[in-house]
């Protein structure tokens, strides 16, 4: 058994679910650090590195959505968690939706930031080209553009510099495998099979996954389940770029979306 690298903070009371935190492509378990102080007084948290990301193991074949789902379920079983609320960003939303559709009984609610139901044809070609560039020239071959575009209209502050540094320092071969896995990802069927209330949070300045894709996600779901709130300030990495606003929005949504016994103290 090979578990994903993860940081687990137990729930503060027995009935509280655990927030399952799934980062975007090219990020790691630390993506959520600024949100955790807002969430941990109310919920358990489980932040993880997806396969071929951060300190998690990689593989000889690019990991697909089914692989990510299996990895997460193996981790859930190992820790012994019963109720998870997936919170994901960008392509991580396809992993979250796929997991929620596969393990319905464990998922009372879900929040998807910068969501997309699939990798479109143009994005697929761009990702394939990115993976090839990294394989030939390392991470430097796609910089600074690979970080500047996700931070469109965002301040070039200390958080931007920290993200840039971590992105540039990651293992190029593992990153290329992760990119190839998401290049052909399609979670459209999973969105059609969701049974939990789901908050979709697109961002106005997201050049890579524009707000219209949140509408596509919602159109695949039951109208009673999907709610969309557009963030007018953020870009492609909303939870990282606007952690206070995003973390607060999550708490507001869960204060009504979760069963009464799951939201003690919110």
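Every number in this text was worked out from the coordinates using simple rules, so none of it is lab data. Since the structure is predicted, the reported quantities are computational estimates derived from the model, not experimental observations. Cβ: placed from backbone, ideal geometry, glycine included. Neighbour counts: every protein chain shown.
Shape analysis of region 39-78 places it in the prolate category; the axes a ≥ b ≥ c from the Cα gyration tensor give an a/c of at least 1.5, with a/b above b/c. Using Cα atoms only, what is the angle between the long axis of helix 92-102 and the major principal axis of the chain, expressed in degrees (0 to 90) to the nearest 10? That helix lies at roughly 50 degrees to the long axis. Extending 7 Å from Cα along the Cβ direction at residue 8 and again at residue 105 yields two label points whose distance is 2.0 nm. When the chain is treated as a Gaussian network with alpha carbon springs shorter than 10 Å, the biggest mean-square fluctuation among 156, 204, 76 belongs to 156. Extending 7 Å from Cα along the Cβ direction at residue 78 and again at residue 248 yields two label points whose distance is 3.7 nm. Comparing 234, 172, 120 in a Gaussian network model of the chain, where Cα atoms under 10 Å apart are tied by springs, the biggest mean-square fluctuation is seen for 120. When you count the other C-beta atoms within 10 angstrom of each residue and take the mean per peptide, 221-232, 46-57 line up highest first as 46-57, 221-232.
Seen through its C-alpha gyration tensor, with square-root eigenvalues sorted a ≥ b ≥ c, region 111-211 comes out oblate because a/c lies at 1.5 or above while a/b is not bigger than b/c.
The sum of -39500 (n - 2.57) across all DSSP H runs of n ≥ 4, divided by the residue count of the chain, sets its helix-only mean residue ellipticity at 222 nm to -12000 deg cm²/dmol.
Tell me whether the chain comes out rounded, prolate or oblate; compute the Cα gyration tensor, take square roots of the eigenvalues as a ≥ b ≥ c, and use a/c under 1.5 as the rounded threshold. Since a/c stays below 1.5, the shape of the chain is classed as rounded.
When only C-alpha pairs under 8 Å and at least 6 residues apart count, what is the relative contact order of region 12-70, in percent? In percent, rounded to a whole number, it is 35.
For residue 261 and residue 230, what is the calculated FRET efficiency with R₀ set at 41 Å and r taken between the beta-carbons, to the nearest 0.05? Rounded to the nearest 0.05, the efficiency is 0.85. Between 0 and 90 degrees, the angle of helix 158-169 with respect to the longest Cα principal axis of the chain falls at about 60 degrees. Build a GNM of the chain with springs between Cα atoms under 10 Å apart, and of 108, 41, 243 the one that fluctuates most is 41. Using alpha carbons only, the radius of gyration of region 141-266 set against its Kirkwood radius gives Rg/Rh = 1.01. Counting only DSSP beta bridges with both residues in the chain, tell me the antiparallel percent, nearest 5. Of the beta bridges lying entirely in the chain, close to 20 percent run antiparallel.
The distance between label points at residue 136 and residue 124 comes to 2.2 nm (points 7 Å beyond Cα on the Cα→Cβ vector). Helix 172-183 axis versus longest C-alpha principal axis of the chain: approximately 60°, rounded to the nearest ten.
Short-range pairs are left out: with C-alpha atoms under 8 Å and at least six residues apart, the relative contact order of the chain is 23 percent.
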